[in-house]
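The values are calculated or read from the model by the stated rules, or taken from the named source; none is laboratory data. Predicted, not measured: the structure shown is a model, and the values here were computed from it. Cβ placement follows ideal geometry from the backbone for every residue including glycine, while neighbour counts extend to all protein chains displayed.
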Amino acid sequence: MSLIFTAVLVSGGSAHALAHGAKKESTPQSQDRTLVRTLILDLRPVNCPEAISTMINDSIRARMKRIPYCYPVPDEEIRNKGIDGILGCRDRDCAVKYARQLDCKKVIIGSVIRLARSKKEQLGTEGEYKYIYEVKPYDEFIIKIDLIDVPDGSIDVKFREKAKKNEINARLDLLPVRLRGYFAPIPPPEPPRLTPWIGVSPSCIIPLGKFAKIIGAAGGVTLDVGLRHIVLPNIYAKLSGSYYFAAWKKNNVRSYQSGQLSILGGYAIQ
């Protein structure tokens, strides 16, 4: 029977312990890790007047602020970062690149397209007027918005709406409803808890040197019982016991009992 003990000292453990006793200070909203930082890029206008596209972009930002846990990155922060080229960013790869530079988890891109439409309206319902129609032009706007998950670059949801000019705000009111479920709070990591564990695994011994002349090989079973996260995260200790039987050369198998009991400790890298 052999008794083995391995101890590993981990530097920085005292700093971790002191952190729990430190006074909690108020966190600015821009640094609150429970909020989902979101980069909102202007929609690409296609045959759309600048005044209307600006109104739509401002309305999107205002409505995104209504979504719980959504934190739209302010323009002032973007300017302070000195990021060049973000105003001309329109595609997904470009948006994800800038969102990562701003430490964002979500990014919004899209387009607004104006289509010239026309409809016939009957001038009246009586007499000759019911046979006379007037063609009236009007504008229809197609609003396309993609919410992109920055870590993996995938599209969470595609928002598509058609509206006349006087219907745009009513259609944009649907945006927070559609996107609300994609802004769950990011929970802070919980400290590791003391965790018991047990394991059974096959074991073998391949003898070398003089010991190889006595037996050809040895096999058996190992039982481990231990605790993880002792005092500090990933610090563990375990009690290990093994039972072996031996094979004498190739054709002659002889069983014998050989036990090993060990106490091990150290730091587990995960």
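A few comments on the model shown:
Yes/no per residue for (1) of a type in the set (Asp, Glu); (2) surrounded by 13 or more Cβ atoms within 10 Å (Cβ to Cβ):
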| residue | (1), (2) |
| --- | --- |
| Ser118 | no, no |
| Ile143 | no, yes |
| Val157 | no, yes |
| Asp173 | yes, no |
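- Some residue of segment 58-71 being at pLDDT below 85 and farther than 30 Å from Arg228 by Cβ: no
- Of the residues contained in segment 123-138, none is found to be touching a helix residue (DSSP H, G or I) at 6+ places or on another chain (Cβ under 7 Å), among the small types (Gly, Ala, Ser) and either in the same structural domain as Cys70 (by TED's automatic domain parsing) or at pLDDT 95 or above (or both).
- Scanning segment 75-100 for residues that are part of a loop (DSSP other than H, G, I, E, B) and of a type outside the set (A, V, I, L, M, F, W, C), we see that the one that is nearest to Val112 (Cα to Cα) is Arg90.
- Restricted to segment 178-227, and to residues there that are of a type in the set (D, E, K, R) and modelled with pLDDT of 80 or more, the residue that is nearest to Lys144 (Cα to Cα) is Arg178.
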